[in-house]
Amino acid sequence: LADLWWIYSKPVPADGRELRTLFLQCSCITVVIGGLFYNWMFASLEYSWHLSVAMAVSFSLLLLLTLLLVHPARCVFSMIMPTLGTKQGRKLLFSTCIMIAVVNITPNIMGNIQTILQVIKCICKNSSDSLLNSTALLEKVSWEFGVAIQETVHPIYKPMNGHFRFSLLQNSSLIYQKMHLAGEKISREFLSVEVLVKDSIRIANRLAAGFFMLYLCFESTWYLKNYLTNLRFDNFYITKKLERLATDRGAAHLLVGSSNKLIRPTGLRLSWEEVVPCLVQAMLVTVALLLLLLLVAVDHFAFSVADTAVRRAAHFSAVPVTLSIKYKVEIGITPFLFMVFGHPSQELLLGNFSRTYQHHLIFSSARCRISPPTPPNPSVLLVVGLLFCILYATVFLETYARRLCRGIAASFFPGWEERRVLHLYSKLSRRH
């Protein structure tokens, strides 16, 4: 492995064997990165497969030529891998989490809301049917009541027409048509809002992902530029070269006395200056996690409401309605005659009508076709949880990733590393 890395980090291969080895290394790296690039574009950013294939092939060929011919580009590309463990890599992971949430969670919420609207639409339709049937019952009641009035005892007291006239809506298609149009309008509005939200977030996520990738390359290039131009940049590590130099000059006590300010790049100890930024970044990751958990909670709440609405609305009991009509017709004989003969007044019964009619108002949705609510996908929550575990890991691995970047730069430019070690040794000597 050390020999392979030495060939990879050399500016120019020494012979044909090293050139073939370098070409094989760059080819393997290109194939792996090209596959990851295709999967990122197709699965995460949702580009079409043919565009993803074309971009992945073009990117792979360009990367192969760049790695094979440009020595600093190999250094920059090698530093991109540990840089993924820094805040720039976290931004890419945040972008991936947002895309997963938009593609999987948001449509599920909108679908469950549409299910709730379907339940309300079905209940309105059934209740309107029931109300229209109640008007038909009123027509029947009025007709029978009119017939009873016509059937009085004596023709002298018989009315000309005892039937009531109701203006009933016999054709209910107009109501159904209006309800159907209202439901379709609401569905179209929800669909347009869903499509607008998904498209907007997809475009924003693509732009952000592209920007973060470019900035990732820029940050690695910026680090290499500062490493090669500024002797004080990121130069506070006790490396093996520094230890060897101090031992050869009989000044090993310089490293012991300055151990609190210098860091061994192979150790696991973090200084206080390195811990504080990690805690701040962990708080930011926690805030993002809480916002995503809020979206997940909304998804579960929408499913719970939709599931309850579908199950409960199908078992609504019918509301009984009772219509009772009592009609009594009497005629009184002249009270004066009864007073003359000393008898109490009497009334003659001409007609009696007493009937009870039953009707049921239906508010159930059992006879409607309603799409079942969609439960939250547990695999989405699992993937997002794993991504956030990686995010929390990168918070505390950022320091080690920065140390690894310095080690990579030192292996690619050993001559410049010697100058940096001499500069740090001179600084410690003057301070002592």
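The values are calculated or read from the model by the stated rules, or taken from the named source; none is laboratory data. Just so we're clear, the structure is a prediction, and the values are computed from it rather than from any experiment. Note that each Cβ is placed from the backbone with ideal geometry, even for glycine, and that neighbours are counted across all protein chains shown. These accessible areas exclude ligands, DNA and RNA; they are computed on the full protein's heavy atoms, side chains included. Shrake-Rupley method; radii C 1.70, N 1.55, O 1.52, S 1.80 Å.
Residue-by-condition table, conditions (1) part of a loop (DSSP other than H, G, I, E, B); (2) buried (at least 16 other Cβ atoms within 10 Å of the Cβ); (3) at pLDDT 75 or above:
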site: Leu216; (1), (2), (3): no, yes, yes
site: Tyr223; (1), (2), (3): no, yes, yes
site: Arg232; (1), (2), (3): yes, no, yes
site: Arg244; (1), (2), (3): no, no, yes
site: Leu255; (1), (2), (3): no, yes, no
site: Lys261; (1), (2), (3): yes, no, no
site: Arg269; (1), (2), (3): yes, no, no
site: Val276; (1), (2), (3): no, no, yes
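Among the residues of segment 7-23, those identified as in contact (Cβ under 8 Å) with a residue 60 or more places away in the chain and either under 46 Å from the mean Cα position of the chain (by Cα) or in the same structural domain as Gly210 (by the TED database) (or both) are Tyr8, Ser9. For segment 59-90, the tally of residues that are modelled with pLDDT under 75 and charged (D, E, K, R) stands at 1.
Among the candidates Phe94, Phe59, single out the residue that is in the same structural domain as Leu386 (by the TED database), open to solvent by 40 Å² or more (accessible area, probe 1.4 Å) and hydrophobic (A, V, I, L, M, F, W, C). Only one candidate passes the filter, namely Phe94. Can you name every residue in segment 291-320 that is at pLDDT 80 or above and within 30 Å of Glu144 (Cβ to Cβ)? Result: Pro320, single match. Among the residues of segment 1-16, is there at least one that is of a type in the set (D, E, K, R), in a helix (DSSP H, G or I) and open to solvent by less than 30 Å² (accessible area, probe 1.4 Å)? No, that holds for no residue. Is one or more of the residues making up segment 126-134 of a type in the set (A, V, I, L, M) and part of a helix (DSSP H, G or I)? The answer is yes; a qualifying residue exists.
Conditions (1) farther than 25 Å from Ile390 by Cβ; (2) not in a helix (DSSP H, G or I), marked per residue:
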position: Glu46; (1), (2): no, yes
position: Ala54; (1), (2): yes, no
position: Ser58; (1), (2): yes, no
position: Val76; (1), (2): no, no
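Does any residue of segment 24-43 turn out to be in contact with an Asp or Glu (Cβ under 6 Å, 6 or more places away or on another chain) and either touching a residue at least 60 places away in the same chain (Cβ under 8 Å) or closer than 22 Å to Met79 by Cβ (or both)? Within segment 24-43, none of the residues are in contact with an Asp or Glu (Cβ under 6 Å, 6 or more places away or on another chain) and either touching a residue at least 60 places away in the same chain (Cβ under 8 Å) or closer than 22 Å to Met79 by Cβ (or both).
Within segment 24-31, is even one residue open to solvent by less than 60 Å² (accessible area, probe 1.4 Å) and farther than 12 Å from Leu68 by Cβ?
no
Filtering segment 368-392 to residues that are part of a helix (DSSP H, G or I) and free of Cβ contacts under 8 Å to residues at least 60 places away in the same chain leaves Pro378, Ser379, Leu382, Gly385, Leu386, Cys389.
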